[in-house]
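Below is one structure, written out as structure tokens; the observations come after it.
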Amino acid sequence: MSDSIFAEFRRRLWLPPRAHGDVVVGRTVSFLELFYDLVYVVVIARAAHALAGDITWRSVGEFLVIFGLIWMAWVNGTLYHELHGREDVRTRVFVFIQMLLLAMLAVFVDEAAGGSGRQFAIVYVLHQAVLWWLWFSVRLQDTEEFMDVTRRYLTGMMVSIGLMVISGFVPADVRVALWVFLVLLWFGSGVRLSSSEALEAGIRATESMVERFGLFVIIVLGEVVVGVVDGLSEVEHNSRSIATGMIGLCVGFAYWWTYFDYVGRRLPKDSGPTRTRWMFLHFPVTSSIAAAGAAMVSLVDHAGDERTPAATAWLLAGSVALGLSAMILKMRTLGDYDRLPGIYKPLTRVMAPAAAVALITAVWAPTPWLFALSLVVILLGIWLFAVNRWLRLDNHETIRPQDET
């Protein structure tokens with residue numbers, strides 16, 4: 001009797017992963033995926049908190065490397081669930097195992113470049129090992145056409161795991177250098193794999209995938225809110241500090257407005273290399289927003305100063321400039337870029353000088369509230385320009401995000 005119940009449990013609730021190409025048409029993002037992403041809110045917040053406490057060129061570089069590792073883990077887990085996950089007990093169990101490990105990763109991430117680097121590396125290895133097993137289980141379901149690409153992907157993951165193991169037993173500077181190499185290797189390997197015909201046939205950019213990447217942008221935009229609140233919590237609540245915090249928060253609002261009206265929720269062009277560029281360009285977009293959130297703490301803390309501290313000004317303005325530059329490249333990967341050239345091509349031509357003007361504000365570095373307001377005006381100007389182009393369309397409905405590309 002017990003054997004039959006166990007067999008029935010495996011048959012109905014402990015299913016193998018979906019094979020490559022087994023796309024669930026019309027799938028929506030599940031509550032499990034939303035819960036999974038919440039853990040990354042904590043991990044990223046801890047990483048941004050470390051940057052907010054010490055803004056230097058070195059700390060910014062370390063933040064980008066650590067954020068790269070976090071982003072790699074998120075993409076790896078997200079793509080597995082999008083392409084191969086099911087609504088069964090097996091999927092839930094492995095997602096919860098990942099969440100347990102990510103919670104531990106958050107404990108060590110703020111000092112990952114220093115004293116807690118070894119612990120961070122060990123937990124990261126365990127997390128990646130779980131994902132390696134999940135991807136290996138996909139290989140067991142694959143047909144011959146996908147064997148080569150899954151073999152290369154699994155080999156790459158093993159190399160990544162090996163480098164992380166080594167990084168746990170070397171000095172901090174060498175550890176960070178290994179992590180830089182690992183992030184660059186991961187991006188380079190992804191670009192090479194994207195040209196595989198088998199991978200192109202097995203991966204489709206679906207609305208649920210686009211939604212998941214948009215949700216990650218929402219996660220890092222939340223760091224702008226956290227940065228403002230943290231800053232206000234540590235200073236005297238006077239008119240200058242409150243005004244600086246609220247205007248700083250509007251930087252995040254303006255960024256959201258531009259991104260989700262003209263970049264987010266839109267499908268990329270249907271080709272492997274373009275789809276990979278669309279995916280990878282989320283890294284500079286999201287890392288720049290998270291870094292801007294870290295800058296908000298210092299911005300509010302110096303609200304009473306006559307000039308914004310140089311490090312804070314360059315971090316915030318540089319983040320806006322990097323985000324705009326990444327969005328220019330990202331727009332070119334969208335199906336709407338060719339379908340609506342009257343909007344997107346002029347918009348990209350405006351965003352490039354806007355990014356340069358953002359950097360000029362860092363040189364100017366006026367008092368913090370005025371500095372933040374300058375960035376809001378830049379972002380608002382881009383959005384108003386895009387709206388003006390949109391209003392010139394004969395049929396306004398053609399710009400709807402949900403349209404087919």
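For the chain, adding -39500 (n - 2.57) for each run of n ≥ 4 DSSP H residues and dividing by the number of residues yields -26500 deg cm²/dmol at 222 nm. Considering only 139, 265, 349, the Gaussian network model of the chain with Cα springs below 10 Å gives its largest mean-square fluctuation to 349.
Structure remark: mean-square fluctuation, Gaussian network model of the chain, C-alpha springs under 10 Å; the largest value among 86, 277, 58 belongs to 58. Per residue, the accessible area of the range 1-155 comes to 48 Å² when a 1.4 Å probe rolls over the protein heavy atoms. Here the calculated FRET efficiency for residue 184 and residue 13, from their Cβ-Cβ distance with R0 = 41 Å, stands at 0.50, rounded to the nearest 0.05. In the range 57-165, the portion of solvent-accessible area held by carbon and sulfur atoms comes to 68 percent [1.4 Å probe, whole percent, DNA, RNA and ligands not counted]. Students often get this wrong, so try it: which of (i) 28.4; (ii) 23.2; (iii) 22.4 is Kirkwood radius over Cα pairs in Å as calculated from the structure shown? From the options (i) 28.4; (ii) 23.2; (iii) 22.4, the structure gives (iii).
Taking Cα atoms only, the orientation of helix 172-193 departs from the longest principal axis of the chain by about 70 degrees.
Given their separation in residues at 0.36 nm each and the Cα-Cα distance between them, residue 170 and residue 260 gain 28.2 nm when the chain is fully extended.
The values are calculated or read from the model by the stated rules, or taken from the named source; none is laboratory data. Keep in mind it's a predicted model, so treat the numbers as computed, not measured. Quick reminder, even Gly has a Cβ in these numbers, built from the backbone with ideal geometry, and neighbours come from all protein chains shown. We work out accessible area using only protein heavy atoms, side chains counted, and drop any ligands, DNA or RNA first. Shrake-Rupley method; radii C 1.70, N 1.55, O 1.52, S 1.80 Å.
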